[in-house]
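First up is the structure itself, then whatever we jot down about it.
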Amino acid sequence: MAIPSNSSPLANTPVREQLVGTSILVVDDVSDNRSLLTRRLELQGHTVTAVGSGSAALAVLHERPFDVVLLDVMMPHMSGYEVLERIKDDPALRHLPIIMVSALDTMESVARCIELGAEDYLHKPFNPVLLRARIQSCLAKKRLRDQEQSAYAAIEAANLTKSEFIAQVAHELNTPLTAIRGHADLLLRGLHGAISESQTESVQAIRRSSDLMTALVADLADVSRIESGHLRLVASAVALPDVVALVAYMFHEQVAAKYQTLTVQMPPDLPPVQADRTRLIQTLNNLISNASKYTPDGGQITVQAETTAAPNTVRVAVRDSGIGMSADDQQRIFQKFFRSANEQAQHVSGTGLGLHITRHLVELQGGRIWFESALGQGSVFHFTIPAAEEYL
Ligand code: ADP
């Protein structure tokens, strides 16, 4: 099995200390050269393994970790170039620093080694001071790379743990939230007897708050699924006008309560789209909800769709005559938890997760989302979605 180069015990060791105990692989087909180089490097405090061919080098590299390889260019059977190429093609060895060693002093040879990914190039016969300096510089770079890699792996692992934790908490919160909503409904419908006006107001407040919490829990669960790569979409041919009509119906009370008009314009020859129906509903739900939330009473919302010529996609636009967004806000609206500081948006409830999730949903379905907006002049959000293949 390949041993990743970052498994070196030197990963967090300062450079000076690295010189002692640094493990170096010397690859040279000439036995005298191997012995000479081994002696020099051992005198400098390194642990040296010497092999006489490219294939022996690749075998030993897959057996145990090294910190640096000194690789002869001119070798029979497998040249140093080929060994270098194979090392750089192997994800487990790719980051290992390779110093090419050669009696050849041509520009082409040096250039080829650098192009193939060698860290450095040394001419034979060696100058011991130069040899020491080059190895030290390689080790310093490798140490930084190892530290970067282990920090990155630790961040990724912590992020995954956090996402799994959020998914678990969201799941656990669903049961009590369903119970709270259910009992609030029973009280409001008078099934436990009549309640006073002030009691009704309190229960309605409980219902609204639990609805908000349910939306937040669902958004958090989606974000954690997106981040852990566990969001699964099931695409099929979907009739977009049906989905838009359904979402428009879901909003008719909210829109009417704000004296807004919601107009749907769909061409009759619109092809079905290739989409996950539930997630398409969620996308439209978020955009129409925002259009209504961030548009003052009496405003207009329009949902339009059209086929675009190439490639075969359907473009949907959700337009509103609302508060619009400042240039600063426009830079950040797809960020997780972003909520505008605009005074008119402040009193509107929301989680700041809707557009972040929506963008992922659109992109996971092979589409793109963008918008145009001007403060005080409304916004229009566009997204594309592929047309269903069987209808093309
Ligand atoms: P929220 O739950 O806050 O609505 P979103 O992620 O859906 O979260 O939107 C992020 C922010 O982008 C909103 O808080 C709002 O400031 C701004 N925004 C989104 N849609 C619109 C819109 N149609 N008009 C004006 N501002 C919008």
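Overview of values
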read-out	value
Qualifying residue in region 147-161 (condition: surrounded by 18 or more Cβ atoms within 10 Å (Cβ to Cβ) and in contact (Cβ under 8 Å) with a residue 24 or more places away in the chain)	no
Filtered residues of region 372-384 (kept if open to solvent by less than 30 Å² (accessible area, probe 1.4 Å) and either near the ligand (Cβ under 10 Å from one of its atoms) or modelled with pLDDT under 95 (or both))	373, 378, 379, 380, 381
Residue within region 15-28 that is open to solvent by 50 Å² or more (accessible area, probe 1.4 Å), at pLDDT below 95 and assigned to a loop (DSSP other than H, G, I, E, B) present	yes
Qualifying residues in region 353-366 (those that are open to solvent by less than 30 Å² (accessible area, probe 1.4 Å) and within 11 Å of the ligand (Cβ to nearest atom)) - the one farthest from residue 305 (Cα to Cα)	353
Matching residues in region 94-112 - criterion: being open to solvent by less than 40 Å² (accessible area, probe 1.4 Å) and not aliphatic (A, V, I, L, M)	97, 102, 109
Selection status of residue 369, open to solvent by less than 60 Å² (accessible area, probe 1.4 Å), of a type in the set (A, V, I, L, M) and more than 8 Å from the ligand (Cβ to nearest atom)	yes
Every pair of residues 6+ apart whose Cβ atoms lie under 7 Å, when the first sits in region 345-371 and is more than 29 Å from residue 210 (Cβ to Cβ) while the second is near the ligand (Cβ under 8 Å from one of its atoms) and among the polar types (S, T, N, Q)	369/358; 371/379
Number of the exception - residue 317 against (1) more than 9 Å from the ligand (Cβ to nearest atom); (2) at negative phi; (3) open to solvent by 30 Å² or more (accessible area, probe 1.4 Å)	(3)
Within region 321-352, considering residues that are more than 6 Å from the ligand (Cβ to nearest atom) and within 30 Å of residue 235 (Cα to Cα), the one surrounded by the most Cβ atoms within 10 Å (Cβ to Cβ)	334
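Okay, residues lined up against (1) farther than 20 Å from residue 222 by Cβ; (2) modelled with pLDDT of 95 or more:
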position	(1), (2)
290	no, yes
295	yes, yes
298	yes, yes
301	yes, yes
323	yes, yes
344	yes, no
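The values are calculated or read from the model by the stated rules, or taken from the named source; none is laboratory data. Given the structure is predicted, the values throughout are model-derived calculations rather than measurements. Every residue, glycine as well, gets a Cβ built from its backbone with ideal geometry; the counts of neighbours run over all protein chains shown. Quick note on the areas: whole protein, heavy atoms, side chains included, nothing else; ligands and nucleic acids left out. Shrake-Rupley method; radii C 1.70, N 1.55, O 1.52, S 1.80 Å.
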